[in-house]
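Undergrad: Mind looking over this structure? Questions follow.
The values are calculated or read from the model by the stated rules, or taken from the named source; none is laboratory data. Remember, it's a predicted structure, so these values are computed and weren't measured experimentally. Cβ: placed from backbone, ideal geometry, glycine included. Neighbour counts: every protein chain shown.
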Amino acid sequence: MSTATASDTQATSDPKDHSRFSGVLGSEWIKLTTVRSTVWTLLATAVVGIGLGAIVTSAQASRWATRSLVAQATFDPTRSSLAGLLFAQLAVGVLGILIMSAEYSTGTIRATFSAVPRRPRVLLAKVVVFGVVTLVVGEIVSFVAFLTGQRILSGKAPSAVLSDPGVLRAVVSGGLYLLALGLLALGLASIIRLTAAAISSFVGLLFILPIIADVLPSSFTSDIGRFLPANIGTVMMSAHYHGTDPFGPWTSFGLLCAYAAIALLVGGVLLVRRDA
Amino acid sequence: MLRVASSALAIGAKHGRHGLRIVVLVVLVAAVVGLILWVRMRRRDRQSPHATGSPTPKADHAVRRDERSAAIAVNRRWDWNGGGNQNTIEARALTKRYGNKLAVDDLSFGVKPGYVTGFLGPNGAGKSTTMRMIMGLDEPDAGTVTVNGRRYHELGWPLREVGALLEARAIHPGRSARAHLWMLARTNQIPRARVDEVLDLVGLSSVAEQRVGQFSLGMSQRLGIAVALLGDPGVLMFDEPVNGLDTDGIRWVRGLLRRLASEGRAVFVSSHLMSEMALTADHLVVIGKGRLIAEMPIDEFTAKNSNAYIQVRSPNLAQLRSALEGAGATVTAGDDESLSVRGLSQERIGELAWTNGIMLHELATQSASLEEAFVESTVGNLEFSGGTSLKPESTEGGAQP
């Protein structure tokens, strides 16, 4: 790299560049694995995701006989067993926020940017490392929650197996949903930088926005509702795709990914423009 | 994001259920934002030093030569003992504004290899801001600063060229010292063995696995120094390195700074303590209120700004005073029966006293310390900039002891 600027402007075509980015990736991996918050948030993801799913399904199982015919007809065992993921998303989001905001609150960001002055690379490395970890953990949690839930349901209420239509897609979507929301949280944290403020806005986006949408006139509610992450999650994790659902599961996922991408892009631009 | 959602919503409401169309729209918006980002980054990268820094062709040529030798320097590292007059850090007309406050004002200076250059100024003078701009953490509003001829974000392996201790406490408290160093080493492909080496060098080997949150300020300071040394760089910057260190630690830092400079590295140390600079620095860059006050060897600075005078004590002050003033001296009354005399040599004062039959109790030259020279120079600066107080300590230095 001693040939100064000429080679640097074409950094992407530089063969050394691969190894260089792997260093940034390795660094982010070290960062993620050397703080306790990672273990705690991922543990919370698993406990909430699997545990809540188990509670919801056992409640369904024990009251099945007393439920109305409509409720029985629309019952989706897959969706019930994955209900916990809609709360586990909070823990994933907190981790996504912390890996960026903790750098600012502790001042580590200055060491990070001194070592890697091209700041978008740091964000990209975080996206890759955190994304892979979240996806793996998310899929494991989703599958375990599904299998646990079906075991609880079987015999007492209708249950599903992975080979049923739409079920595998819904269970895989559980992990994908956590991934997309985690990345959205990471993008938010790159924009907001303060841990508390970023977590508040993330919670607001997930839980407060639906309440606001709910009190609006009903014609608005359904229009806005389909764009809200929580509703997207419900659609994604349902095995049955009803014609009444606003968007199909993959369209919903695409929308969620677009949210995350926009947040990350805005965060990336601000990362470069703002002083560390 | 809200605007995107609402515009997409409007389309969605008009055309009923056209989910795909909305998603395409959102993806398009994302693509446009991405394109803007990409173009911006390209433009940023193209702003090389010779595009922004130097208006005249002659200066342009000089910078290019600068770059070439910098390239050699990188390969050979600091073997180029002494290095001649090549500046490793070169600030040109640096300016940084925070809101209304001008933190750094048209600041130009250079830092040479093989010397300890002291960066001196009262608290709030803009030292840390300048160092952050050198490290590419803060973007200057005007001017450029280069390290080894290149702007910081153009350095291939920055940690191998510049090491810096900016804030000792700026480390995740939950991470161990070794993890912190290893995480930084990894980005610049510095071998893992080097991590243990620097831990050993700063005396933290025994607590390497301990969480940094449990460290004392002194230990954090040592870890910060380890970070600076990690890439074995030819340029080192330390922001107030002796803060929080005990006497042994302070002596160790002084020795380390001297040793690093003697190895041919450029060492740039900031301090608001003149006494500290007197012990370690060869050169001084003195700033006040963000502006350059002086840039010169430390001896020259002391001599130039020294307000040396001769102190005389006598039981017959009034008579002595008129005799001295008659000989053209500037005399001011000091405390307890003494006079401060400027403009006459010690010998001449003695002669005058003898010829006038005045008994002298004391006749001594008071040479100014570096501290006094510093106060002297900043007083001038504050007056010039319209400050009402003559004491810099009371306006700036007193705020953060």
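Undergrad: Among the numbered criteria (1) assigned to a loop (DSSP other than H, G, I, E, B); (2) closer than 20 Å to A:A73 by Cα, which one does A:S163 miss?
TA: Result: A:S163 fails condition (2) only.
Undergrad: Is there any pair with a first residue in segment A:25-41 that is more than 7 Å from chain B (Cβ to nearest Cβ) and under 11 Å from B:L184 (Cα atoms) and a second that is crowded, with 18+ Cβ neighbours inside 10 Å and aromatic (F, W, Y) whose Cβ atoms are under 8 Å apart and which are 6 or more apart or on different chains, and what are they?
TA: Short answer, once both residue conditions are applied: A:E28/A:F130.
Undergrad: Please go through segment B:233-272 and pick out each residue that is surrounded by fewer than 17 Cβ atoms within 10 Å (Cβ to Cβ) and either closer than 22 Å to B:A208 by Cβ or without any contact (Cβ under 8 Å) to a residue 24 or more places away in the chain (or both).
TA: Those that are surrounded by fewer than 17 Cβ atoms within 10 Å (Cβ to Cβ) and either closer than 22 Å to B:A208 by Cβ or without any contact (Cβ under 8 Å) to a residue 24 or more places away in the chain (or both): B:D246, B:T247, B:D248, B:R251, B:G255, B:R259.
Undergrad: Filter segment B:290-337 down to the residues that are in contact with an Asp or Glu (Cβ under 7 Å, 6 or more places away or on another chain) and either modelled with pLDDT of 80 or more or more than 30 Å from B:T117 (Cα to Cα) (or both) and list them by number.
TA: B:G290, B:R291, B:P297, B:I298, B:Q311, B:V312, B:R313, B:L317, B:V331
Undergrad: Here is a check on your reading of the model: is B:A193 buried (at least 24 other Cβ atoms within 10 Å of the Cβ) and either aliphatic (A, V, I, L, M) or more than 8 Å from chain A (Cβ to nearest Cβ) (or both)?
TA: Judged against the criteria, B:A193 is not a match.
Undergrad: Moving on to the next point. Would you mind telling me which numbered condition in (1) within 38 Å of the chain's Cα centre (by Cα); (2) more than 16 Å from B:R313 (Cβ to Cβ) B:G334 fails?
TA: Here B:G334 clears every test but (2).
Undergrad: Of the residues in segment B:106-136, how many are assigned to a strand (DSSP E or B) and either of a type outside the set (D, E) or under 17 Å from B:E167 (Cα atoms) (or both)?
TA: 10
Residue-by-condition table, conditions (1) under 30 Å from A:A157 (Cα atoms); (2) at the interface with another protein chain (Cβ under 9 Å from one of its Cβ atoms); (3) crowded, with 19+ Cβ neighbours inside 10 Å; (4) at pLDDT 95 or above:
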position	(1), (2), (3), (4)
A:T3	no, yes, no, no
A:T45	yes, no, yes, yes
A:I50	yes, no, yes, yes
A:P77	yes, no, yes, no
A:F87	yes, no, no, no
A:V92	no, no, yes, yes
A:L95	no, no, yes, yes
A:M100	no, no, yes, yes
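Undergrad: Scan segment B:189-209 residue by residue and report those that are within 21 Å of B:L260 (Cα to Cα) and touching a residue at least 12 places away in the same chain (Cβ under 8 Å).
TA: Passing the criteria: B:I190, B:R194, B:V195, B:D196, B:V198, B:L199, B:L201, B:V202, B:G203, B:L204.
Undergrad: Same structure again: Among (1) outside the structural domain of B:M133 (by TED's automatic domain parsing); (2) among the basic types (K, R); (3) in contact with a helix residue (DSSP H, G or I) (Cβ under 8 Å, 6 or more places away or on another chain), which single condition is B:R313 missing?
TA: In the conditions (1) outside the structural domain of B:M133 (by TED's automatic domain parsing); (2) among the basic types (K, R); (3) in contact with a helix residue (DSSP H, G or I) (Cβ under 8 Å, 6 or more places away or on another chain), B:R313 misses (3) alone.
Undergrad: Would you mind telling me which numbered condition in (1) touching a helix residue (DSSP H, G or I) at 6+ places or on another chain (Cβ under 8 Å); (2) within 7 Å of another protein chain (Cβ to nearest Cβ) B:W157 fails?
TA: For B:W157, the exception is condition (1).
Undergrad: Is there any pair linking a residue in segment A:84-104 that is farther than 10 Å from A:G49 by Cα to one that is crowded, with 24+ Cβ neighbours inside 10 Å and acidic (D, E), with Cβ under 7 Å and at least six apart or on different chains, and which?
TA: Hits for this filter: zero, empty list.
Undergrad: Further question: Does B:T117 satisfy being in the same structural domain as B:A266 (by TED's automatic domain parsing), touching a Gly at 6+ places or on another chain (Cβ under 9 Å), surrounded by fewer than 24 Cβ atoms within 10 Å (Cβ to Cβ) and among the β-branched types (V, I, T)?
TA: no
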